[in-house]
Amino acid sequence: MPGRNRMELPPTSAGIKRGDQVRVMTGRDRGKTGRVLAVNPGSRTVMVEHAGIVKRHTRPNPQKNVKGGILPISNVQLLCPACNKGTRIGHKVLPDGTKERVCRRCGNTLEK
C-alpha cells in the first residue's frame, strides 16, 4: 500500500535455537509441542515440527517425511528440559567468560 510507513524491526531469534523443544502458545495449533527445525531471525519466524502445517495438493516425496510449519517467533515458548514447563530464557556468564542460556523458572541450563 502506498503511503503506509512501516517501521523496520531489527532481526531477532529471541534466544531460540534449532533443535529446541517449544510449545505453540497461540493460533490453531495452541498447546502442541515440537522441535524447532529452522530459525529465521530476519522475518522473526521459526519452523516447528508437527505445528502450523498447511495441507496442499503435492506430489508424494518419501524423502521429506518430517513435516513442519512456519510460525511467528512470538507465538512459541521454549520448554525447559528439566522442569518440562514453558519458560523465558535468561543468560548466565560462566567463570571462563562464556554465556549460557538458563531457565527462568528453575535456573537449570538449557544447553545440551
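The values are calculated or read from the model by the stated rules, or taken from the named source; none is laboratory data. Quick caveat: nothing in here was measured; it's all calculated off a predicted structure. Because the Cβ atoms are built from the backbone with ideal geometry, glycine has one as well, and the counts that use them run over all protein chains shown. Calculation scope for accessible area: heavy atoms of the full protein, side chains included, ligands and nucleic acids excluded. Shrake-Rupley method; radii C 1.70, N 1.55, O 1.52, S 1.80 Å.
A compact table of results
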read-out	value
Residue match in segment 63-79 (condition: part of a loop (DSSP other than H, G, I, E, B), open to solvent by 90 Å² or more (accessible area, probe 1.4 Å) and of a type in the set (V, I, T))	no
Near pairs, Cβ below 8 angstrom, 6+ apart or cross-chain, from segment 83-97 (farther than 27 Å from R23 by Cα) to any residue that is modelled with pLDDT of 90 or more	L94/E100
Hits in segment 75-112 (condition: touching a Lys or Arg at 6+ places or on another chain (Cβ under 7 Å) and among the small types (G, A, S))	G86, G90
First in segment 23-47 and without any contact (Cβ under 8 Å) to a residue 12 or more places away in the chain, second anywhere and open to solvent by less than 60 Å² (accessible area, probe 1.4 Å) and among the hydrophobic types (A, V, I, L, M, F, W, C), Cβ under 7 Å, 6 or more apart	R30/V24; G31/V24
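Let's see how each residue does on (1) in a loop (DSSP other than H, G, I, E, B); (2) over 9 Å from the mean Cα position of the chain (by Cα):
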| site | (1), (2) |
| --- | --- |
| R4 | yes, yes |
| L9 | yes, yes |
| S13 | yes, no |
| I16 | yes, no |
| V22 | no, no |
| R28 | yes, yes |
| A38 | no, no |
| G42 | yes, yes |
